[in-house]
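Asks: Provided herewith is a single structure, encoded as structure tokens, for subsequent inquiry.
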Amino acid sequence: MTAAEPKAEGLFEPMMTLIYKVALVIGAVSLMLLAVPVTVDVLLRYVGSYFPGAYEIQELMMGALAVSGMIVISCREHHIAIDFFYQHFTPRVKAFLDGLFEFMGLVFFSVLGWEILEIAFEKTGGGEVTSILHIPLFIPMMFFGFCMAVFALTLLVKTLRCFTGFIREGVVWFIPVILAITVAVALLPWILEYFGIFPSRAQLGVFGILFFMLVLFIGFPLGYAMGISGFIGLLCLRPDVITHFNTLSMTSYNSAFSATLAVVPLFCLMGELSLVSGISADMFKAARIWMGRTPASLGIASIIGCAGFAAICGDSLACGVTMASVALPEMRKHGYNPAFSCATLACGGTLGVLIPPSLSFIIYAIVTETSTGRLFMAGVIPGIILSSLFILVLLITAYRHPELLPRGERHSMKDKVASLSGILPILFLIVIIMGGILAGFFSATEAGAIGSVVVWLFSLAARRISWQQTKECLINTVYIAGKLLFILMCVALLGVFIAYTRLTVTLAQYASGLDVDRHIILLVIIIFYIIMGCMMNVLPLLLLTLPTVFPTIQALQFDPVWFGVIIVLLTEMAVITPPVGINVFGISSMAKDIPMGAIFRDVWQFFLCIAFLILLLTIFPDIALWLPNKFF
């Protein structure tokens with residue numbers, strides 16, 4: 001280590017730590033202020049009153065949470081990226097790519113932040129204010145631009161770290177190469193024009209998607225890849241830098257300060273609070289006692305526990321890992337096959353994104369502008385069927401190989417009745433959340449706020465959560481929401497380019513004009529998702545593909561709610577299939593003595609259950625649509 005490096009680190013680290021802590025506090029406070037006014041507004045609504053400006057507060061807090069979360073994940077290197085190819089590169093290639101990522105991100109987001117600040121300064125004398133609270137509009141825009149500048153500052157620090165590393169390792173020539181690549185990418189529209197290349201809008205759309213896929217698969221953070229690809233694509237359409245940065249800056253601002261996206265952090269917060277409160281352990285205990293001497297009783301109890309916890313969690317990994325922390329020790333104690341036990345819990349966790357409330361349904365609803373309430377209801381019956389299919393696999397396996405899944409212990413009726421008290425909190429939450437949405441008492445976003453407040457109050461009254469644990473839940477939610485909201489902001493940037501190219505419309509028209517049965521095209525789409533699911537996680541898979549695939553589905557006249565269930569089932573396949581089976585990775589981290597290959601080998605039976613359910617839904621779509629049509 002050279003003398004210059006400690007000095008540089010001494011300058012960087014205190015500044016990054018300070019930025020991180022301030023952003024974390026802003027994010028946590030914004031999250032609390034997001035949940036409380038919404039809950040109060042709903043309660044006042046039914047006593048003939050209202051909370052003045054609750055919706056505007058919601059928008060302002062969403063913006064503060066989005067940009068503070070963006071800064072937090074930048075300080076702690078928590079950006080979502082696809083490392084399918086990146087992980088196989090040599091350390092030196094990885095270092096070069098890291099420098100390229102950070103420098104290109106620095107250039108793009110610095111100019112974007114500058115443009116937002118310029119727009120904010122232009123509005124200072126305009127007198128524009130919000131309709132209820134009469135807050136001058138330039139204030140939130142100024143705050144957003146300032147936070148974007150701070151975000152760019154974190155990228156500058158990381159860029160300097162990378163460049164310092166190049167100097168230390170004797171590869172100084174990496175720096176001019178990175179600068180040259182960045183300049184070449186920025187000048188690409190003029191280079192094409194110089195060589196007389198003038199592609200059509202549709203061709204530019206295809207090239208833009210291919211460019212995006214290229215930078216994504218070599219390891220670019222997903223948000224960077226979307227933002228940069230969208231901007232370069234717009235320049236290729238019309239090389240007008242100022243106009244396009246103005247468009248993208250307002251798009252990013254409107255995406256951040258969107259009350260529609262509030263449903264994401266609020267359900268994340270509810271899930272985090274539910275994890276800490278120990279509700280999942282009570283659910284598993286009740287199921288284990290009632291299963292008694294049934295073959296594969298602990299496995300069945302795990303599936304039931306996952307299904308119950310899914311009703312308040314919404315995330316497959318959190319659902320699987322939480323249940324594993326309770327069930328795995330019991331399974332080991334009773335002689336269950338370790339690999340099959342891990343496979344059961346990994347696949348049981350997939351119920352977390354099918355049984356409502358589900359983050360995957362929420363993301364799908366945001367991207368496709370489909371009713372969240374209808375999607376939630378559409379997942380109920382398929383969720384019950386899939387749980388039953390998983391249980392059937394366990395029973396058949398226990399019958400054929402009783403040594404893998406032994407019977408459990410016998411329990412008295414008194415114990416069984418007493419255990420039911422453990423499932424009351426979950427039932428209470430299901431009634432509040434789903435009952436409130438179905439009865440029209442509140443929206444899905446409001447349900448997230450109310451659910452979070454109810455879980456916290458219950459946990460506090462039952463002494464299941466401390467103030468320190470509450471703080472940790474807020475911090476974890478800022479992390480999760482920061483990653484998700486940053487991606488949702490950046491997908492809007494890419495969406496502007498795709499909209500300009502009319503690529504989705506062209507593809508939809510082409511697909512609808514093919515002289516083949518629409519189910520053949522659906523089959524191609526399903527195979528595509530299964531293959532892509534083997535290479536990337538759920539969020540990038542949804543955000544990358546839905547803007548292009550969904551218009552085709554609409555053109556083929558498939559029901560968007562029904563297709564939402566199909567997509568969620570396909571993403572369930574993605575989280576249990578190699579090489580990027582995130583649920584298997586999560587469970588494996590809790591059972592380090594079990595090889596991941598052994599877990600993947602036992603997953604295939606549950607994988608076939610999901611495939612069978614997709615076939616069943618294709619033949620009988622009313623399985624998913626009956627409840628939404630009944631209540632909406």
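Asks: Does L204 qualify as being without any contact (Cβ under 8 Å) to a residue 12 or more places away in the chain and either closer than 27 Å to A508 by Cβ or of a type outside the set (F, W, Y) (or both)?
Replies: No.
Asks: How many residues are more than 26 Å from G113 (Cβ to Cβ), among the hydrophobic types (A, V, I, L, M, F, W, C) and open to solvent by 30 Å² or more (accessible area, probe 1.4 Å) if we restrict to the stretch 157-175?
Replies: Matching residues across the stretch 157-175 total 3.
Asks: Can you name the residue in the stretch 193-218 that is over 15 Å from Y500 (Cα atoms) and open to solvent by less than 10 Å² (accessible area, probe 1.4 Å) and, of all such residues, is modelled with the highest pLDDT?
Replies: Here is the first cut: in the stretch 193-218, the residues over 15 Å from Y500 (Cα atoms) are 193-198, 210-218.
Subset that is open to solvent by less than 10 Å² (accessible area, probe 1.4 Å): 212, 216.
Details: F212: 84, L216: 81.
So, considering only residues that are over 15 Å from Y500 (Cα atoms) and open to solvent by less than 10 Å² (accessible area, probe 1.4 Å), the one modelled with the highest pLDDT is F212.
Asks: Then there is this: Would it be correct to say that Q554 is within 29 Å of C236 (Cβ to Cβ) and not aromatic (F, W, Y)?
Replies: Values: within 29 Å of C236 (Cβ to Cβ): yes; not aromatic (F, W, Y): yes.
Spelling it out, Q554 is indeed within 29 Å of C236 (Cβ to Cβ) and not aromatic (F, W, Y).
Asks: Between residues in the stretch 582-609 that are more than 23 Å from D315 (Cβ to Cβ) and among the small types (G, A, S) and residues that are open to solvent by less than 20 Å² (accessible area, probe 1.4 Å) and not in a loop (DSSP other than H, G, I, E, B), which pairs lie under 6 Å by C-beta distance while being six or more apart or on different chains?
Replies: If the second residue must be open to solvent by less than 20 Å² (accessible area, probe 1.4 Å) and not in a loop (DSSP other than H, G, I, E, B), the pairs left are A598/A339.
Asks: Right, here's the next one. Let me spell it out: the conditions are (1) more than 29 Å from the chain's Cα centre (by Cα); (2) open to solvent by less than 70 Å² (accessible area, probe 1.4 Å), and T154 meets all of them except one. Which number is the exception?
Replies: (1)
Asks: Aliphatic (A, V, I, L, M), closer than 30 Å to A461 by Cβ and surrounded by fewer than 16 Cβ atoms within 10 Å (Cβ to Cβ): does that describe L351?
Replies: On the way: aliphatic (A, V, I, L, M): yes; closer than 30 Å to A461 by Cβ: yes; surrounded by fewer than 16 Cβ atoms within 10 Å (Cβ to Cβ): no.
The answer is no for L351.
Asks: If you take the residues of the stretch 463-494 that are modelled with pLDDT under 85 and open to solvent by 50 Å² or more (accessible area, probe 1.4 Å), which of them is farthest from S68 (Cα to Cα)?
Replies: Taking the candidates together, the pick is R463.
Asks: Of the residues P551, P540, which single one is touching a strand residue (DSSP E or B) at 6+ places or on another chain (Cβ under 9 Å) and under 30 Å from I582 (Cα atoms)? Write out each step before concluding.
Replies: Numbers: P551 fails: touching a strand residue (DSSP E or B) at 6+ places or on another chain (Cβ under 9 Å).
None of the others qualify; the one that does is P540.
Asks: Which numbered condition trips up T344, out of (1) open to solvent by 10 Å² or more (accessible area, probe 1.4 Å); (2) in a helix (DSSP H, G or I); (3) polar (S, T, N, Q)?
Replies: (1)
Asks: List, please: which pairs have Cβ atoms under 9 Å, are six or more places apart or on different chains, and start with a residue in the stretch 209-231 that is under 20 Å from S110 (Cα atoms) and end with one that is assigned to a loop (DSSP other than H, G, I, E, B) and open to solvent by 20 Å² or more (accessible area, probe 1.4 Å)?
Replies: The qualifying pairs are P221/H79; P221/I80; L222/H79; L222/I80; G223/H79; G223/I80; Y224/H79.
Asks: Limited to the stretch 98-121, what total is found for residues that are more than 25 Å from the chain's Cα centre (by Cα) and of a type outside the set (D, E)?
Replies: First, pick out the residues of the stretch 98-121 that are more than 25 Å from the chain's Cα centre (by Cα): 99-100, 103, 107, 110-111, 114-121.
Still in the running and of a type outside the set (D, E): 99-100, 103, 107, 110-111, 114, 116-117, 119-121.
Summing the residues that are more than 25 Å from the chain's Cα centre (by Cα) and of a type outside the set (D, E) in the stretch 98-121 gives 12.
Asks: Kindly establish whether G564 is modelled with pLDDT of 85 or more and buried (at least 21 other Cβ atoms within 10 Å of the Cβ).
Replies: Details: modelled with pLDDT of 85 or more: yes; buried (at least 21 other Cβ atoms within 10 Å of the Cβ): yes.
Yes.
Asks: When you check I526 against the structure, is it surrounded by fewer than 21 Cβ atoms within 10 Å (Cβ to Cβ) and either touching a residue at least 60 places away in the same chain (Cβ under 8 Å) or not charged (D, E, K, R) (or both), yes or no?
Replies: Working: surrounded by fewer than 21 Cβ atoms within 10 Å (Cβ to Cβ): yes; either touching a residue at least 60 places away in the same chain (Cβ under 8 Å) or not charged (D, E, K, R) (or both): yes.
So I526 passes the test.
Asks: Another one. Can you tell me which residue in the stretch 424-447 is nearest to the chain's Cα centre (by Cα), limited to those that are open to solvent by 40 Å² or more (accessible area, probe 1.4 Å) and of a type outside the set (F, W, Y)? Steps first, answer last, please.
Replies: Residues of the stretch 424-447 that are open to solvent by 40 Å² or more (accessible area, probe 1.4 Å), as a first pass: 424, 427-428, 430-431, 438-441, 443.
From the residues that got through so far, the ones that are of a type outside the set (F, W, Y) too are 424, 427, 430-431, 438-440, 443.
Numbers: L424: 29, L427: 26, I430: 22, V431: 25, L438: 25, A439: 28, G440: 26, S443: 20 Å.
Among those that are open to solvent by 40 Å² or more (accessible area, probe 1.4 Å) and of a type outside the set (F, W, Y), it is S443.
Asks: Got a sec? Which of P579, P621 is more than 21 Å from A511 (Cβ to Cβ) and either open to solvent by 10 Å² or more (accessible area, probe 1.4 Å) or modelled with pLDDT of 85 or more (or both)? Before the answer, list the steps.
Replies: Numbers: P621 fails: more than 21 Å from A511 (Cβ to Cβ).
Among P579, P621, only P579 is more than 21 Å from A511 (Cβ to Cβ) and either open to solvent by 10 Å² or more (accessible area, probe 1.4 Å) or modelled with pLDDT of 85 or more (or both).
Asks: Failed condition for L427, given (1) in contact with an Asp or Glu (Cβ under 9 Å, 6 or more places away or on another chain); (2) under 27 Å from L375 (Cα atoms), with all others met?
Replies: Of (1) in contact with an Asp or Glu (Cβ under 9 Å, 6 or more places away or on another chain); (2) under 27 Å from L375 (Cα atoms), only one is false for L427: (1).
Asks: Do the conditions hold for L100, that is, is it open to solvent by less than 40 Å² (accessible area, probe 1.4 Å), within 30 Å of M532 (Cα to Cα), part of a helix (DSSP H, G or I) and out of contact with any Phe, Trp or Tyr (no Cβ under 9 Å at 6 or more places or on another chain)?
Replies: On the way: open to solvent by less than 40 Å² (accessible area, probe 1.4 Å): yes; within 30 Å of M532 (Cα to Cα): yes; part of a helix (DSSP H, G or I): yes; out of contact with any Phe, Trp or Tyr (no Cβ under 9 Å at 6 or more places or on another chain): no.
No: the conditions fail for L100.
Asks: If you don't mind, another one. Output yes when any residue across the stretch 238-259 is at pLDDT 80 or above, among the aromatic types (F, W, Y), part of a helix (DSSP H, G or I) and buried (at least 19 other Cβ atoms within 10 Å of the Cβ), and no when none is.
Replies: Checked the stretch 238-259: at least one residue is at pLDDT 80 or above, among the aromatic types (F, W, Y), part of a helix (DSSP H, G or I) and buried (at least 19 other Cβ atoms within 10 Å of the Cβ).
Asks: Being buried (at least 17 other Cβ atoms within 10 Å of the Cβ) and in contact with an Asp or Glu (Cβ under 8 Å, 6 or more places away or on another chain) narrows it down to one residue among V42, V67, V36, V72; which is it? Reasoning before the result, please.
Replies: Working: V67 fails: in contact with an Asp or Glu (Cβ under 8 Å, 6 or more places away or on another chain); V36 fails: in contact with an Asp or Glu (Cβ under 8 Å, 6 or more places away or on another chain); V72 fails: in contact with an Asp or Glu (Cβ under 8 Å, 6 or more places away or on another chain).
None of the other options fit; the residue is V42.
Asks: Can I ask one more? Being assigned to a loop (DSSP other than H, G, I, E, B) and surrounded by 15 or more Cβ atoms within 10 Å (Cβ to Cβ), is that true of even one residue in the stretch 83-94?
Replies: Yes: one or more hits.
Asks: Next question, about the same structure. Evaluate the following for A324: is it assigned to a helix (DSSP H, G or I), in contact (Cβ under 8 Å) with a residue 60 or more places away in the chain and within 25 Å of W456 (Cβ to Cβ)? Break it down into steps so the answer makes sense when it comes.
Replies: Working: assigned to a helix (DSSP H, G or I): yes; in contact (Cβ under 8 Å) with a residue 60 or more places away in the chain: yes; within 25 Å of W456 (Cβ to Cβ): yes.
Considered against the rule, which asks whether it is assigned to a helix (DSSP H, G or I), in contact (Cβ under 8 Å) with a residue 60 or more places away in the chain and within 25 Å of W456 (Cβ to Cβ), A324 comes out as yes.
Asks: In the stretch 375-409, what residues are modelled with pLDDT under 80 and open to solvent by 70 Å² or more (accessible area, probe 1.4 Å)?
Replies: R407, E409
Asks: Scan the stretch 110-140 for residues that are in contact with a Phe, Trp or Tyr (Cβ under 9 Å, 6 or more places away or on another chain), surrounded by 15 or more Cβ atoms within 10 Å (Cβ to Cβ) and at pLDDT below 85 and report the count.
Replies: So the answer is 1.
Asks: Of everything in the stretch 322-334 that's farther than 19 Å from G379 by Cβ and buried (at least 21 other Cβ atoms within 10 Å of the Cβ), which residue is modelled with the lowest pLDDT?
Replies: To start, the set of residues in the stretch 322-334 that are farther than 19 Å from G379 by Cβ comprises 322, 324-334.
Checking the rest, the ones that are also buried (at least 21 other Cβ atoms within 10 Å of the Cβ) come to 322, 324, 326-328, 331.
Details: T322: 73, A324: 80, V326: 78, A327: 83, L328: 83, M331: 84.
My answer is T322.
The values are calculated or read from the model by the stated rules, or taken from the named source; none is laboratory data. Note that the structure is a prediction, hence the values are computed from the model and not measured. When we count neighbours, we look across all protein chains shown, and the Cβ atoms used for this are built from the backbone with ideal geometry, even at glycine. Heavy atoms of the whole protein, side chains included, go into the accessibility calculation; ligands, DNA and RNA do not. Shrake-Rupley method; radii C 1.70, N 1.55, O 1.52, S 1.80 Å.
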